[in-house]
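Taking it in order: structure first as structure tokens, then the write-up.
The values are calculated or read from the model by the stated rules, or taken from the named source; none is laboratory data. Every value quoted in this text rests on a predicted model; they were computed, and no experiment measured them. Note that each Cβ is placed from the backbone with ideal geometry, even for glycine, and that neighbours are counted across all protein chains shown. Side chains are part of the model used for accessible areas, which takes the heavy atoms of the whole protein and leaves out ligands, DNA and RNA. Shrake-Rupley method; radii C 1.70, N 1.55, O 1.52, S 1.80 Å.
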Amino acid sequence: MEIGIRRAVSADAEELALVETKAYWNDSSISEPQKFRKESYTELLNGGADIFALTYDGQIAAVCIVLKCEDEDYSGYAEISEICVVPEMQGNGFARKLILHSLDEARKNGFKNAYARCLGGADDGFEEQTVRLFKGLGFDVQKSSPDHTGIYEIIFTRIL
């Protein structure tokens with residue numbers, strides 16, 4: 001059982017899309033999710049995004065996308081815009097390992113701070129897991145006030 005982390009390349013777009021599709025299988029807002037995600041990964045990779053893939057026995061099991069943050073409040077931060085692990089591999093520390101690797105690469109690329117965000121308010125346990133993960137990686141956590149539907153934003157920041 002060999003685990004590795006590598007920078008993804010354009011040829012990986014299909015496999016990256018499959019990982020994300022499996023991780024978010026129930027997202028009914030997107031028709032043909034794997035095709036949509038493959039096109040998105042191809043565009044990101046061709047645009048120079050840093051996409052890291054954690055492999056388990058030669059297959060991509062987790063994906064992390066790091067971009068230059070476009071939120072004006074966090075200008076110049078490295079943004080973890082996506083982290084996903086195939087369901088059958090969740091609970092093995094793969095997200096943690098992949099985020100740490102991605103943060104190290106962001107630091108090597110000159111970033112001094114990192115940023116991530118997610119939405120909270122659903123009763124699915126996702127928020128609690130996400131907060132625990134990022135806090136465990138040394139991120140500060142800030143929650144916004146809920147909107148009229150009870151949804152709020154969670155911002156994670158960390159000095160690299």
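For the reader, a short list of remarks on this structure follows.
- Within region 74-107, being under 15 Å from Gly136 (Cα atoms) and among the charged types (D, E, K, R) holds for Arg96, Lys97.
Here is a yes/no grid of residues against (1) part of a loop (DSSP other than H, G, I, E, B); (2) of a type in the set (Asp, Glu); (3) surrounded by 17 or more Cβ atoms within 10 Å (Cβ to Cβ):
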position: Phe36; (1), (2), (3): no, no, no
position: Tyr41; (1), (2), (3): no, no, yes
position: Leu45; (1), (2), (3): no, no, yes
position: Ile51; (1), (2), (3): no, no, yes
position: Ala62; (1), (2), (3): no, no, yes
position: Val66; (1), (2), (3): no, no, yes
position: Asp73; (1), (2), (3): no, yes, no
position: Ile80; (1), (2), (3): no, no, yes
position: Cys84; (1), (2), (3): no, no, yes
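- Qualifying residue in region 6-22 (condition: closer than 20 Å to Lys108 by Cα and not aliphatic (A, V, I, L, M)): yes
- Region 135-157, residues that are under 20 Å from Ala114 (Cα atoms), not hydrophobic (A, V, I, L, M, F, W, C) and not in a strand (DSSP E or B): Lys135, Gly136, Gly138, Ser144
- For region 88-117, a residue qualifies if it is open to solvent by less than 80 Å² (accessible area, probe 1.4 Å), more than 26 Å from Gln59 (Cβ to Cβ) and out of contact with any Leu (no Cβ under 8 Å at 6 or more places or on another chain), and the qualifying residues are Gly110, Tyr115.
- Residues satisfying the stated conditions in region 138-160, i.e. open to solvent by 60 Å² or more (accessible area, probe 1.4 Å) and β-branched (Val, Ile, Thr): Thr149, Ile151, Ile159
- Listed by first and then second residue, the pairs linking a residue in region 97-117 that is outside any loop (DSSP other than H, G, I, E, B) to a residue that is open to solvent by 70 Å² or more (accessible area, probe 1.4 Å), with Cβ atoms under 6 Å apart and 6 or more places separating them unless they lie on different chains, are Asn113/Ile159.
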